[in-house]
Amino acid sequence: EQIARLRLERGEFGDIADPERFLADRMAAFRRASTETTEEMLLDGRLIEIRRLRSPDGMLVSLYLDATERRRAEQEKAAAAALIKTTFDHMSDGLTALDNKGNLLNWNTRFMDLFAIQNDTIEVGMSLRDVISTALSETDADALRFALDRLSGAAGQLKADNALDTEFVRLSQDRWIQVSCSSMADRGMVITYTDISDRERTSEALRRSEERYALAAAGANDGLWDWNIEEDHLYTSPRWRDMLGLGNDPITEKPKEWFDRVNPKDIEELQMDIDAHLEGRTDHLQSRFRIMHADGVYIWALARAIAVRDNNGKAVRLTGSLTDITERKRTEEKLIRDALYDTVTGLPNRALFLDRIEQERRRHSDANEDKYAVLLLDLDRFKVINDSLGHDLGDALLIKVARRLENVLKAGDSIARLTADEFGVLLTGIKSEDEALETVHWLQSDLAAAFQIGDQEIFTSACIGIATPSKGFSDAEEMLRAADIAMYKAKAKGQSSSAIFDSQMQTRAITQMQLENDLRRAVDRDEIEMYYQPIISFDTGEIAGVEALARWRHPDRGTVVPADFIPLAEDTGLINAIGTTALRLACRQLKVWDDTLGSKAPKTMSVNLSGRQLQSPDMVREIELILAREGIDGSQLKLEVTESMIMMNPEITSRILMDLKELGVALSIDDFGTGYSSLSYLHRFPFDTLKIDRSFVVSMDEKKENMEIIRSIVLLAHSLGMDIIAEGVESERHLRRLKALNCEYGQGFFFATPQPADKLSEMLRAEKRWDIPSGD
Ligand code: C2E
Ligand code: CA
Ligand code: CA
């Protein structure tokens, strides 16, 4: 009663007209209450819960409980749940969270869409298996449950380490779902569902074309064919058709029409050979026969093939090559040609081309007049064309380009194929450099028209470098090299450009070589120096660690930043020496800080690794030696690698990373978000930290969506047990947002730029702290 009076006086019940009456009623109500009642009141900022109970003998008991903490925890939990829900619903994968009995804790809308689950058939606490059984057809439900059984089995065994495991499920209508399970110790598990139907279909198609490609590699000069027996459909490669002089004809895919071309004298034997192999009596098909060329003449051909069989051993496809063996008789002739001519285009090769330049040079004793010119023509994007269309089509294109170039040139001019996609042209009978330029113009506009290759139209263009005798050359080789330098200059201008060699180009080419030479010496001359950028804990505002960033103190150029020498170092292989130096210097500096600053020294030193270092088998041992020599413990070192480095060679890299972990070294994934950004493969590598790339942090200012992306990265990385470092924190705004997203560390110009060692020592000694605002 006293308490009720107190609360009444404080006005907690609002304005009461007759306080005494109110109190009397309230007390009577309490005494009447047969069940438990609960009320809350505020007391000095604390939340007090009052629970009233009636004991069996009719006595009224009141319990006063301090519920402040519990209420706060409940609110936090609700906020966290809401956060997770938004993230869940933003994901492109279906997702369910289960407790350790397999009952639903949470799920997202994508999950419901994937399996057409109705709103009223799903509820928290329901068993996932039951939900699946109601929503899916019997067979689909069986398939999915089977996968889930295996996953939870695996997760059960690997509970402790955030195990992630994957199963592939095929549902009706050829739908493929990838199901991944991530177990979270004894808190249950998260299962994601990705619709990979398209991906599966693509890889099926890919596998087929790869089989063909393997055959192509086996006989680059052979025609290829692939007879789908079930569909009675014959795929033939362009070279196959070229062999028969049918390159431009409408292409038939009916096997019968091809068999009709075989000489009647040979057809029976061919049929027998084919049957023998299809019935499994021979381990491959090999048959010689005559087949009609477009010009009406029979050529001799050799067909080799192997059947692809289904599970019952029945042949469903016959895939193989066709070789023109008429040519073999002319082998001798060909040997001679090969020494001087390119086999694909039939054009002179480099040796013959140099010889022709030399002859032309001798003919013109006055080198000041530009009576001839050497052009070097390099096709733009040829590698892309070749890689995407295959070598057969690539070759076909080269042949057509050669023919077209020949058409533009006059009698007396020469054209040659120098390397894969480089042609040389010797222009003769001209009067000036301008005339050479004019021809270059014609060549380029002629190349611009589409090429008909098989049934495709392909466009290409070329950059052309020009060398004329008046620039002074002492031999043909030198002139061709000059054209090459000019061609690179043209490439730098963009596709379909040209450039005339001048002596300044020579100088620039030399400068580049000079820089390379300088870099070669930089390590020996101790010109590589490390700068250090602090990594700040968002929790304490203190320096948690530092990242070592290389600088090159060039004797003439001053400080050179990594962007201007790391790529060069990678091209030339110097990166291994530079990388080792960087590691040694960084470890040495950390040791100095340990010795002079004690507990004020940074906890970890992060050092960047280059892709090349990561491929080197000796690297692990080298790092072990550096740690021992500099007196640093493995746990103080953190190595940063990027996604693209890993994806270059996942197998080898994964092994090296495991070995590094064994040394106790921590691993960060650097620039996350710029490469594959695939969280699904992260669990396969032992990373401790994920560094969100600067571009993401910057983009937070632009779109709200980008915040959501970071939010998902953070959540999922956390579930894999990784810490987050945000890179490129440049403003307080960034900081607030990142903090709100639960990032634990940050680095960037807002805190400090990379500093020389002594500057950073000052910061450490002064125990510099930054104020960390609360997140918003
Ligand atoms: P990184 O590993 O991503 O290093 C971070 C880069 O971002 C550094 O550039 C740093 O100065 C810069 N940075 C830091 N905070 C901010 C910010 O708030 N705003 C902006 N705009 N930039 C910021 P730096 O020192 O020029 O290094 C560039 C890259 O060169 C590094 O990128 C790293 O990939 C590579 N690199 C540096 N040192 C080494 C090394 O010793 N070995 C190898 N292999 N690579 C290195
Ligand atoms: Ca880095
Ligand atoms: Ca980075």
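The values are calculated or read from the model by the stated rules, or taken from the named source; none is laboratory data. This is a predicted model, so every value here is computed, not measured. Heads up, the Cβs are rebuilt from the backbone with ideal geometry, glycines too, and the neighbour counts pull from every protein chain shown. SASA here: full protein model, heavy atoms, side chains in, ligands and nucleic acids out. Shrake-Rupley method; radii C 1.70, N 1.55, O 1.52, S 1.80 Å.
Tabulated values for the structure
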| item | result |
| --- | --- |
| Model label zone, R304; criterion: amide N under 17 Å from point 7 Å along Cα-to-beta-carbon; scope the range 259-287 | 274, 277, 282-287 |
| The range 323-475, accessible surface, carbon-and-sulfur percent (1.4 angstrom probe) | 50 percent |
| Relative contact order of the chain, defined on C-alpha pairs under 8 angstrom at six or more residues apart (%) | 6 percent |
| Projected area, mean over directions - the range 250-310, Cα convex hull, nm² | 4.9 nm² |
| Largest-first principal axis extents of the Cα set of the range 464-561 (Å) | 70, 34, 18 |
| Dipole in debye (nearest 20) - the range 304-449, about Cα centre, beta carbon charges: Lys, Arg +1; Asp, Glu -1 | 960 debye |
| Förster radius 30 Å - calculated FRET efficiency between D701 and Q118 (Cβ-Cβ, nearest 0.05) | 0.15 |
| Segment T596-R52, length gained on full extension (0.36 nm per residue, minus Cα span) | 189.5 nm |
| Full-extension gain in nm, F13 to N649, via 0.36 nm per residue minus C-alpha separation | 221.8 nm |
| Heavy-atom surface of the range 712-776, accessible at 1.4 Å and reported per residue (Å²) | 46 Å² |
| Cα centre as origin, Lys/Arg/Asp/Glu Cβ charges: the chain dipole, Debye | 820 debye |
| Protein accessible area in the range 624-688, 1.4 Å probe - carbon and sulfur % | 48 percent |
| Gyration tensor verdict on the range 651-775 (Cα atoms; rounded if a/c is under 1.5, prolate if a/b is larger than b/c, oblate otherwise) | oblate |
| Net +/- balance of residues flanking M91 in space, Cβ distance below 10 Å, scoring K and R +1, D and E -1 | -2 |
| Extension gain, S388 back to E76 (0.36 nm per residue minus Cα-Cα distance, nm) | 107.0 nm |
| Approximate spin-label separation D618-R281, in nm, with each point projected 7 Å along Cα-to-Cβ | 6.1 nm |
| Mean Cβ count within 10 Å, highest first, over the residues of peptides 663-674, 629-640 | 663-674, 629-640 |
| Sorted peptide list for 714-727, 226-239, criterion being average Cβ within 10 angstrom, highest first | 714-727, 226-239 |
| Share of carbon and sulfur in the accessible heavy-atom surface of the range 718-776 [1.4 Å probe, %] | 42 percent |
| Cα gyration tensor shape for the range 328-446, rounded if a/c is under 1.5, else prolate or oblate | oblate |
| Where labels lie 7 Å past Cα in the beta-carbon direction, separation of K431 and L6 in nm | 11.5 nm |
| Whether the chain is rounded, prolate or oblate, judged on the alpha carbon gyration tensor where a/c under 1.5 counts as rounded | oblate |
| Farthest positive-ward along the chain dipole, Cα basis, beta-carbon charges - from T540, Y681, I325 | T540 |
| Of I772, P650, S616, farthest towards positive along the dipole that unit charges on Lys, Arg, Asp, Glu beta carbons give the chain | I772 |
| Pairwise label distance in nanometres, E268 with D502, each label 7 Å out on the Cα-Cβ vector | 7.7 nm |
| Å² of accessible area per residue within the range 409-566, as computed with a 1.4 Å probe and no ligands counted | 47 Å² |
| The range 700-729-the range 473-487 distance, computed between alpha-carbon centres (Å) | 53 Å |
| Heavy atoms of T121 accessible to a 1.4 Å probe, total area in Å² rounded to 10 | 50 Å² |
